[in-house]
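Down below is the structure, laid out as structure tokens.
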Amino acid sequence: MACSCCFSGTNGLGAAAAKMLASRNPARIYITGRKEAAAQQTISDIKSGGSTAEVEWISCDHADLYSVREAADMILARESRLDVLMANAGISKHTQDSVDCLDSHAMFPGGQTDASMNRDGCIQP
């Protein structure tokens with residue numbers, strides 16, 4: 001069965017997960033993020049690893065919900081379903097709100113942007 005996957009982030013966990021899953025040769029892998037050069041490096045790594053998956057970078061600023069919607073619309077136009085979605089783009093430590101007034105600081109008490117996970121897998125500031 002053909003499998004379609006989408007990973008957010010062009011390096012770190014998103015890139016590592018895309019590379020790992022690519023070894024299973026899904027039909028398609030979409031990598032979303034702002035950094036085209038980093039995405040192209042991940043795509044090159046996947047191809048040099050012998051994967052037969054079609055791999056595509058889709059430009060997406062995950063701090064801009066309009067950009068996220070555009071990326072989602074592009075994927076929805078191509079796919080009837082996604083079998084894997086890894087939405088793991090990181091939170092920037094900058095103090096500005098996102099383009100569309102999404103306040104990333106509201107996620108943590110006291111406006112902190114650093115967080116860790118406790119033993120139960122819950123995010124704590």
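What the table below lists for this structure:
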quantity	calculated
Packing rank of 61-70, 23-32, where each peptide gets the mean count of other beta carbons within 10 Å, highest leading	23-32, 61-70
Under-5 Å amide H pairs with LEU85, H placed in peptide plane, nonlocal only	CYS6
Ranked packing of 43-49, 80-86, most packed first, by mean Cβ within 10 Å	43-49, 80-86
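Coordinate-derived values only; no laboratory data. Because the structure is predicted, anything quoted here is derived from the model rather than measured. Virtual Cβ from ideal backbone geometry, glycine too; neighbours counted across all protein chains shown.
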